[in-house]
Amino acid sequence: MTNYKLTDADFKQINKRSLFGFQLGWNYERMQGSGYLYTILPQLRKIYGDGTPELKEMMKTHTQFFNTSNFFNTIITGIDLAIEEKDGIAGKDAVSGIKAGLMGPFAAIGDSIFASLVPAIFGALAATMARNNNPVGIFIWIIAQILIMVFRWVQLKFAYKQGVELVTTMQDQLNAITDAASLLGVFMVGAMVASMINIKIAYTPNIGGVATSIQNILDTILPGLVPAALVGFVYWILGKKGMTSTKAIWLVLILCVVLSALGIIGKAH
Amino acid sequence: MQWWQILILTIYAGYEILDELQIYSSLSSPVAAGLISGIVMGDVKTGLFIGGSMQLTVLGVGTFGGASRIDATTGTILATAFASSIGMKPELAISTLAVPVASLMVQLDVLARFANTYFAHRIDKNIENFDYKAIERNFLMGAGPWALSRAIPVFLALAFGGNLVKTVVDWLNTDVKWLADGLSVAGAALPAVGFAILLRYLPVKQHFPYLILGFILTTLLSTVFTNVQTLGTGLAAADKKFAGTFNSLPMLAIALIGLALALISYSQHRSGGGSKPSSSSSNSNTVDDSNEEEIEDDEL
């Protein structure tokens, strides 16, 4: 711990790294994990000091699985750094909890607004004009995106200030917030399981000369049983000794190709 | 096709995905790809038409939670290039090139995301050695798989001509259709791994009722929304006087229900903490315990 206080130059550096480098390392195992570390690495070095065991511990913590909207990630970064700057390694659990708790909700809000709604509105406008041989809509969209970049730039310092307040004056509320955020995270995982895994049972055996859709029968019990079972299965195998997420991905990949080739499962949409 | 046209389109293909991942200037959108390819090929009208059509095709298709999605941008680049150089009709280029290429490119997106796992593991080693420069280098090198996953196929397709593109697309869609189908099923199923990992991190045992709630609300509502859509489309086809627009389930609405539940829990937690500090602290201890437990589980 060096009692380092973040300066405007630090915020500028984090924002630059976030805007131009946050997702380059995206991978199936940790998703934005290494990107999170990359954006705050210079600041972590200043807070903990080079070569200290605390720095190693926190670098490891920050390469763990992380995935959120890249339009909101610096809000989490801001709160995180406010805590680490004050509490150092003692804030590790709070930081991990806040990261895990907030990434889901921000992913959901960010994805629906900035990855879905904005492209849908401006994309529709630009596409309709383009089909009439008019490129103006494309430039309108670019201007909108530049305004969004400004928004992404200013949120870091805002979140940092809130984060400082959070840890200095509302220490006891932090647990309540972490708890509520992780509740929302769990809720959203449930929602995402139901909406984003688009597979179904394609197998339709002939029973008494009638083609019977297994998926229809399952749907009368509960829609979405197949995705839920798949997530439950992966959750279970992830708890097995020697199982890594990469192995789990390969397993799901091979399983899907085999089951699909046998005509047992298929895509839902 | 001139060599410089191939070069510029290859560089653009590598750049567009990095743009989308980073600043998101919308230059990675199919409609912008149509404009840029059109300018490079000297046929802006064709480019705008193909780009605009592809944009409409993927309207509302967002990237969610790192899932791969149909790559209409690369499809637009190739379709525009071949439509204007071979003299294909834009409509034909869309159906024979843009759409198949766009869906095939999903596999390469998956590959790039896989390849970057390698760099994540190198970073783990760099952390052990306090090699800060190497951490940053290995992170930035992730740009390689991303850019190459778009640039290489675009270069190969443009350099070796539309016949190769057609042959590969046909081969995957006929002889090894099972493989192409299986890979797209896997693409649809892979988010499950991400969700399962996430559940290993979150205090799922403590909040299990909310997992059920989130799942059931969404699965029931999306069934209702999808069925109403199907019904509406059917009615509109049967009766021209029937008018109405039907949208799919807005995920923001589901997120807001979750937010309301979280806010209720927050205010209860806080007021409970004010009047009975002992129960609150024991409560928060269990939060921390389960948090730790989940994270340790995942490290196995």
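The values are calculated or read from the model by the stated rules, or taken from the named source; none is laboratory data. Only a predicted model underlies this, so the values are computations on that prediction, with no experimental measurement involved. Cβ: placed from backbone, ideal geometry, glycine included. Neighbour counts: every protein chain shown. Surface areas here come from the heavy atoms of the whole protein model, side chains and all, with no ligands, DNA or RNA. Shrake-Rupley method; radii C 1.70, N 1.55, O 1.52, S 1.80 Å.
Rounded to the nearest 10 degrees, the inclination of helix A:245-261 to the longest alpha-carbon principal axis of chain A is 20 degrees. Placing unit charges on the Cβ atoms only, positive for Lys and Arg and negative for Asp and Glu, gives chain A a dipole magnitude near 640 debye about its Cα centre. Spin-label pair A:Ala144-B:Ile39: with each label point 7 Å from Cα along the Cα-Cβ axis, the two points sit 2.1 nm from one another. Summing +1 for each Lys or Arg and -1 for each Asp or Glu, what net charge is found among the other residues whose Cβ lies under 15 Å from the Cβ of B:Val31? Surrounding charge for B:Val31 is -2. Taking a threshold of 18 Å on the Cα-Cα distance, which of the pairs A:Lys247/B:Lys133; A:Lys16/A:Lys157; A:Lys5/A:Lys161; A:Lys60/B:Lys125; A:Lys46/A:Lys86 fall above it? Distance filter (> 18 Å) returns A:Lys247/B:Lys133. Placing a label point 7 Å from the Cα of B:Ile264 along the Cα-to-Cβ direction, the residues of segment A:88-130 whose backbone N falls under 20 Å of that point are A:105. A simple count of charges around A:Gly88, restricted to other residues whose Cβ falls under 11 Å of its Cβ and scoring Lys, Arg +1 and Asp, Glu -1, yields -3.
Using a Förster radius of 51 Å, what is the FRET efficiency between A:Trp236 and B:Ala253 based on their Cβ-Cβ separation? Nearest 0.05, please. After rounding to 0.05, the efficiency reads 0.95. Between A:Lys12 and A:Lys247, the FRET efficiency from the beta-carbon distance, with R0 = 30 Å, is close to 0.15. Shown for the protein assembly as shown: the carbon plus sulfur share of the solvent-accessible area, taken with all protein chains present and a 1.4 angstrom probe, equals 66%.
When the Cα positions of A:Gln23, A:Ile47, A:Thr63 are compared along the charge dipole of segment A:8-189, A:Gln23 comes out farthest toward the positive end, with charges on each C-beta of Lys, Arg, Asp and Glu. Applying the Karplus relation 6.51 cos²θ - 1.76 cosθ + 1.60 with θ = phi - 60° to segment A:136-153 yields 3J(HN,Hα) values of 4, x, 4, 6, 4, 4, 4, 4, 4, 5, 5, 4, 5, 4, 4, 4, 5, 6 Hz, where x marks Gly and Pro.
Taking a ≥ b ≥ c as the square roots of the eigenvalues of the Cα gyration tensor, an a/c ratio of 1.5 or more together with a/b no larger than b/c marks chain A as oblate.
Label sites at A:Asn3 and B:Ile86, each approximated as a point 7 angstrom past Cα along Cα to Cβ, lie 7.1 nm apart. Between A:Glu57 and B:Met1, the simple label model (points 7 Å from Cα in the Cβ direction) yields a spacing of 5.6 nm. Projecting the Cα atoms of A:Ile264, A:Val150, A:Met103 onto the charge dipole of chain A, computed from C-beta unit charges around the Cα centre, puts A:Ile264 farthest toward the positive end.
Backbone geometry of segment A:33-46 corresponds, through the Karplus equation with coefficients 6.51, -1.76 and 1.60 at θ = phi - 60°, to 3J(HN,Hα) couplings of x, 5, x, 4, 4, 4, 5, 10, 4, x, 6, 4, 5, 6 Hz, x marking Gly and Pro. The calculated FRET efficiency for the pair B:Phe246 and B:Asp131, based on their C-beta separation and a Förster distance of 45 Å, comes to about 0.20.
Annotation for segment A:173-227 versus segment A:110-164: alpha-carbon center distance of 32 Å.
Restricting the calculation to Cα atoms, every distinct pair contributes to the Kirkwood radius of segment B:90-213, found to be 17.8 Å. Each residue was assigned an accessible area with a 1.4 Å probe, and for B:Thr167 the value is about 90 Å². Using the rule -39500 (n - 2.57) for each DSSP H run of four or more residues, divided by the residues of the protein assembly as shown, the 222 nm mean residue ellipticity is -25000 deg cm²/dmol. Quick check: the distance between the Cα centres of segment A:1-57 and segment B:67-132, to the nearest angstrom? Taking the Cα centre of each part, segment A:1-57 and segment B:67-132 sit 28 Å apart.
Solvent-accessible area of B:Ile17, all protein chains in place: 10 Å² (probe radius 1.4 Å, heavy atoms, ligands and nucleic acids excluded).
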